[in-house]
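Asker: My questions will all concern the structure given below.
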Amino acid sequence: MSAAAAFPTLFLTSALLVAVVFWLLVAVGLADSGSFDADLDAVAWGVGGVPVAAACTVLAVLAWGVCLAGTVLLVPRVPPGAGQMLVRLGVLVVAVLAAWPGTRLLLRPFRAPVPGRSGAEPAARTVTGSRRR
């Protein structure tokens with residue numbers, strides 16, 4: 001538990017808490033799962049066809065898991081000081097970089113066809129079940 005509340009995992013733990021609150025707001029109808037879709041070009045990031053909020057949530061979950069595992073496994077092996085801080089920073093960077101391809105892979109089956117991409121046909125429903133406009 002202390003590893004989840006310490007640097008660098010704390011940043012990703014905070015992101016997960018924000019995601020949980022967001023999805024609770026979506027569940028009770030106070031927010032829309034597509035609220036952030038206009039804010040980011042998901043196609044350019046390789047996750048087009050799913051809500052940006054879903055992609056960010058999956059990214060945060062995967063990065064958090066990698067970061068927690070890296071912190072638990074690597075940090076105790078390095079003496080306290082500057083070396084340990086460098087290891088912690090490296091774990092954070094590797095966690096985010098490793099989570100990105102994992103996010104793209106996990107979301108691939110849920111992607112709706114994106115207009116303009118070869119083989120794209122308009123989808124009747126999005127991942128969240130709402131009608132496309």
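Asker: With a ≥ b ≥ c the root eigenvalues of the C-alpha gyration tensor of segment 26-112, is it rounded (a/c under 1.5), prolate (a/b larger than b/c) or oblate?
Answerer: Here segment 26-112 falls in the prolate category.
Asker: Further question on the same structure: Residues in segment 61-94, backbone N under 11 Å from the label point at residue 7 (7 Å along the Cα-to-beta-carbon vector): list them, ranges by number please.
Answerer: So the set is 81-82, 84-89.
Read-outs throughout are calculated quantities, based only on the coordinates presented, and are distinct from any laboratory measurement. Keep in mind the model is a prediction, meaning the values are calculated, not measured. So basically every Cβ, Gly included, is an ideal-geometry build from the backbone, and we count neighbours across all protein chains shown.
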